[in-house]
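One structure is given here, and the rest of the page talks about it.
We did not get these values from a lab; they are worked out from the coordinates using the rules stated. As the structure is a computational prediction, the values presented were derived from the model and not from experiment. Reconstructed Cβ throughout: ideal geometry from the backbone, glycine too, with neighbour counts over all protein chains shown.
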Amino acid sequence: MLVDSHCHLNYKGVAERQAEVLANARAAGVGGFLNISTRQSEWADVLATAEREPDVWACVGIHPHEADQHAGLTADDLLAQAAHPRVIALGETGLDYHYDHSDRALQQALFRTHIAVARNTGLPVVIHTRDAEEDTLAILQEELGQGAFPALIHCFTGTAAFGRAVLDLGLTISISGIVTFKNARDLQEFVTTIPADRLLLETDSPFLAPVPHRGKPCEPAFVRDTARFVAALRGEQPEHLADITTGNFRALFSKAATVQATP
């Protein structure tokens with residue numbers, strides 16, 4: 001059984017046929033889904049999906065692109081959502097300096113707010129970082145110095161040096177369909193070095209469809225294609241990689257208790 005550790009089931013391209021998309025994924029051997037929010041207005045829909053589907057969980061937070069629109073968000077706002085039994089993670093949050101859609105200082109402040117709530121609740125922080133490795137690493141080092149919290153870098157596309165640094169800090173790394181792209185040689189090489197107990201798989205649906213689905217809206221079912229590709233890179237059997245990454249999901253997102261497979 002596989003888990004899609006990062007998908008947007010309430011986004012256009014998936015939301016219109018959500019039941020079909022989930023059925024396709026279950027038929028492909030995907031037995032768990034972490035449904036990610038990026039802005040406060042999405043929280044209710046993300047929670048509703050998790051309440052309706054027993055193998056879907058919710059992640060609540062603010063994407064760095066949305067920081068300017070959430071300047072007033074407080075730790076209490078996140079804490080109130082974190083108490084929901086279907087919320088098992090915080091985010092996605094982090095830093096994105098590629099587009100600079102939001103003020104960098106505000107991105108950093110909200111990133112730290114999510115971390116504070118993670119430290120308080122024990123829920124993992126799902127981190128987005130793009131063209132911001134230095135500041136992301138500095139914040140992680142500083143915040144971990146103030147107290148431990150679980151976290152992962154989602155959709156990892158960073159440098160090997162950054163990857164090694166976050167692994168040294170105890171973080172988990174999640175790999176998306178980008179690893180299957182022809183121009184992802186550096187990422188493909190790095191994937192072979194990730195310790196088995198620190199690796200997750202994701203789709204980031206409806207974005208980043210892996211080969212052979214390029215040009216289509218990405219679906220959670222496609223995590224199977226990424227898993228096969230990653231297993232081949234690592235010289236492992238796909239079934240073994242599925243077992244390992246599902247176990248890692250259970251360990252990191254411990255509030256989920258178990259990942260239920262759909263018959």
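Pick from ALA232, ALA196, ALA256: which is surrounded by fewer than 17 Cβ atoms within 10 Å (Cβ to Cβ), within 19 Å of HIS154 (Cα to Cα) and touching a helix residue (DSSP H, G or I) at 6+ places or on another chain (Cβ under 9 Å)? Show your work before the answer.
Working: ALA232 fails: within 19 Å of HIS154 (Cα to Cα); ALA256 fails: surrounded by fewer than 17 Cβ atoms within 10 Å (Cβ to Cβ).
When all the criteria are applied, what remains is ALA196.
For (1) farther than 13 Å from PRO220 by Cα; (2) under 16 Å from the mean Cα position of the chain (by Cα), each residue gets a yes or a no:
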| position | (1), (2) |
| --- | --- |
| VAL3 | no, yes |
| GLY29 | no, no |
| LEU47 | yes, no |
| ALA89 | yes, yes |
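It is to be established whether one or more residues within the stretch 141-149 are among the acidic types (Asp, Glu) and assigned to a helix (DSSP H, G or I). Yes, that holds for at least one residue. Among the residues of the stretch 176-203, those that are without any contact (Cβ under 8 Å) to a residue 60 or more places away in the chain and among the β-branched types (Val, Ile, Thr) comprise ILE178, VAL179, THR180, VAL191, THR192, THR193, ILE194. Output yes when any residue across the stretch 96-109 is buried (at least 19 other Cβ atoms within 10 Å of the Cβ), aliphatic (A, V, I, L, M) and out of contact with any Lys or Arg (no Cβ under 7 Å at 6 or more places or on another chain), and no when none is. Scanning the stretch 96-109 turns up no residue that is buried (at least 19 other Cβ atoms within 10 Å of the Cβ), aliphatic (A, V, I, L, M) and out of contact with any Lys or Arg (no Cβ under 7 Å at 6 or more places or on another chain). Return yes or no: is THR159 farther than 27 Å from ILE139 by Cβ, exposed (fewer than 15 other Cβ atoms within 10 Å of the Cβ) and among the hydroxyl-bearing types (Ser, Thr, Tyr)? Considered against the rule, which asks whether it is farther than 27 Å from ILE139 by Cβ, exposed (fewer than 15 other Cβ atoms within 10 Å of the Cβ) and among the hydroxyl-bearing types (Ser, Thr, Tyr), THR159 comes out as no.
Look through LEU152, LEU171 and report the one residue that is touching a Ser or Thr at 6+ places or on another chain (Cβ under 8 Å) and buried (at least 16 other Cβ atoms within 10 Å of the Cβ).
Exactly one residue qualifies, and that residue is LEU152.
Number of residues in the stretch 100-118 that are in contact with a Pro (Cβ under 9 Å, 6 or more places away or on another chain) and under 11 Å from ARG130 (Cα atoms): the value is 0.
Would a scan of the stretch 204-220 turn up a residue that is among the aliphatic types (A, V, I, L, M), surrounded by 21 or more Cβ atoms within 10 Å (Cβ to Cβ) and either touching a residue at least 60 places away in the same chain (Cβ under 8 Å) or out of contact with any Gly (no Cβ under 9 Å at 6 or more places or on another chain) (or both)?
First, the residues of the stretch 204-220 that are among the aliphatic types (A, V, I, L, M): 208-209, 211.
Going one step further and asking which of them are surrounded by 21 or more Cβ atoms within 10 Å (Cβ to Cβ), we end up with 208-209.
Pick out the ones that are also either touching a residue at least 60 places away in the same chain (Cβ under 8 Å) or out of contact with any Gly (no Cβ under 9 Å at 6 or more places or on another chain) (or both) and you get none.
Taking every residue of the stretch 204-220 in turn, none turns out to be among the aliphatic types (A, V, I, L, M), surrounded by 21 or more Cβ atoms within 10 Å (Cβ to Cβ) and either touching a residue at least 60 places away in the same chain (Cβ under 8 Å) or out of contact with any Gly (no Cβ under 9 Å at 6 or more places or on another chain) (or both).
Just to be sure before I move on: is THR203 more than 22 Å from PHE33 (Cβ to Cβ) and β-branched (Val, Ile, Thr) in the structure I sent? Even if it seems obvious, please write down each step before you answer.
Values: more than 22 Å from PHE33 (Cβ to Cβ): no; β-branched (Val, Ile, Thr): yes.
Spelling it out, it is not the case that THR203 is more than 22 Å from PHE33 (Cβ to Cβ) and β-branched (Val, Ile, Thr).
Flag not set for ARG39, criterion: basic (Lys, Arg), surrounded by 19 or more Cβ atoms within 10 Å (Cβ to Cβ) and within 18 Å of HIS6 (Cβ to Cβ).
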